[in-house]
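Notes to accompany the following structure.
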Amino acid sequence: MNKTRAYESLGNINPLESLVERINIFLYGLWRNKHIDQKQYEKLKVDKERAELAHLYFLPKAHKPNTPLRPMMAGMKSPTVNISKWLDNLLRPIFDQLAVETTVSNGADLIKKVERWSARNLIITTSFVTMDVTDLYTMIPQEGGVTAIKRLIEASGHKRIDGVKKEIILALTRFVMTNNYFYFDGVYYKQIRGGAMGSPLTLTIANAYMYFVERPIAKWASRTSSLYFRYIDDLFIMSNIHADTLKGLVRFWNRLDKNIELSESIGTSAEYLDVKLENRGGKLMSDVFHKPSHEPYFLPFSSIHAEHIKTNIPFVAITRAMRYCSTFEAFKHEEIHICMALLLNKYPIVFILKQFERVYRTFQCQIPTKGNFSRIREIFLDATYERPKKAGINFEVAILCHFSFDKGMHNFPTQFHQLGNTCFGDTAIGSMKPIVGSKRLHNLQDYLVKKKPDRSLLSINSL
């Protein structure tokens, strides 16, 4: 917290009540002056009885040296969260459309673009450059974030979004950015730099800010026929420019914005997102990247989680392997890794193989062999498989039943349905569909690790 100087101590003064009051007065003024409509006002205003101040906790970055901590803001009931969600829903599609040429959405998207570029440009001296922005969310100046959103809206040509003027959206953005309060270790804080980790709007502000910072890099890449992409705070370049020149360019790019510090890696191989890439004598090789801290852990098969969750684990893993691995040998190596990890987590081999077969049925292709691997992989890369949307629960015909899971209750949901059909199948409620869910019992970690402070410290009721 001292490193970024992003937080100001308020001592033991709980700011929640005054914050809720200021938000509701601000929103009422916007509604009264017809800047937002009644529906928007009702959606955004704060119920002071339910509001809670955010609290800070830390997650270890186990994959990095010395295990640094990532600050996380738990603010699901924060007074500004509704405004943050609403603004994010308005602004994120605008950013996605504007930055489509310089962003990647996932590893498969990266591989398709890298392979397309490599087919025309890859040579034996092609280098990879990966750069990471240090503490992006807490290093962006708050007014600079608002300015980035203003430039984003202007670049899109919008005068109004969802019927709301640009000036009102900017005023609400500024309010969210400058009113991040939280509790940590007996002290209340206000965030005076950057946005709150975990707030929906923070990601879009960070992306917008970086979009304008990276313009010189993107223009340089276009001018030199290099390849450039960014995923939030991770930057990626493939270029035929000499490595020494690239190092000098990175030093120059580090001076583009005093708030943005880039740490780089330059070489003939790169690990970016969950993809490993290598220029092997002028030939592009790709594979699944596992971080040094990676452990062969999946959701245990004995878990009470629904079966479709367990079937999706091998499905997604083997699909990723098919898309990421550029050779049949790399694919088989990853397939063995997946099988071993699943077996260690008590998945039956018959179950695993059945899900692998389901993958190839879904993509309507043969089981890959050394002879047909390249052709089968193209099918996977070209396919736009979308998971079925989760069906909503109709409580007029469904009953939601929860039980506390304990050892020996793995088959309870099945037995519950069987018992329900036996006892109530021919009755008036026989048409009602029971949906069985489990509640996890407290474990040792719950008693030894307490992330959330007492509610009296976070709510208005304690004042």
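The values are calculated or read from the model by the stated rules, or taken from the named source; none is laboratory data. The structure presented is a predicted model; accordingly, all values stated were derived computationally and were not measured. Here Cβ is always computed from backbone atoms with ideal geometry, including for glycine, and neighbour counts include all displayed protein chains.
The helices (runs of 4 or more DSSP H) found entirely in region 7-106 that carry 2 or more residues being under 30 Å from Ile237 (Cα atoms) are 81-98. Residue pairs whose Cβ atoms lie under 7 Å apart, sitting 6 or more positions apart in sequence or on different chains, and linking a residue in region 412-436 that is surrounded by fewer than 11 Cβ atoms within 10 Å (Cβ to Cβ) to a partner that is at pLDDT below 80, are Ser431/Val397. Taken together, the residues in region 264-307 that are surrounded by 16 or more Cβ atoms within 10 Å (Cβ to Cβ), in a loop (DSSP other than H, G, I, E, B), out of contact with any Ser or Thr (no Cβ under 6 Å at 6 or more places or on another chain) and aliphatic (A, V, I, L, M) amount to 1.
Being touching a residue at least 40 places away in the same chain (Cβ under 8 Å) and surrounded by 13 or more Cβ atoms within 10 Å (Cβ to Cβ) holds for only one residue in Val114, Val46, and it is Val114. Under the condition of being among the hydrophobic types (A, V, I, L, M, F, W, C) and under 27 Å from the mean Cα position of the chain (by Cα), the residues counted in region 329-379 number 9.
Regarding Ala74, is this residue buried (at least 16 other Cβ atoms within 10 Å of the Cβ) and within 19 Å of the chain's Cα centre (by Cα)? Yes, satisfied. Checking the conditions here, which among Asn240, Asn254 is farther than 23 Å from Leu91 by Cα and touching an Asp or Glu at 6+ places or on another chain (Cβ under 8 Å)? None of the others qualify; the one that does is Asn254.
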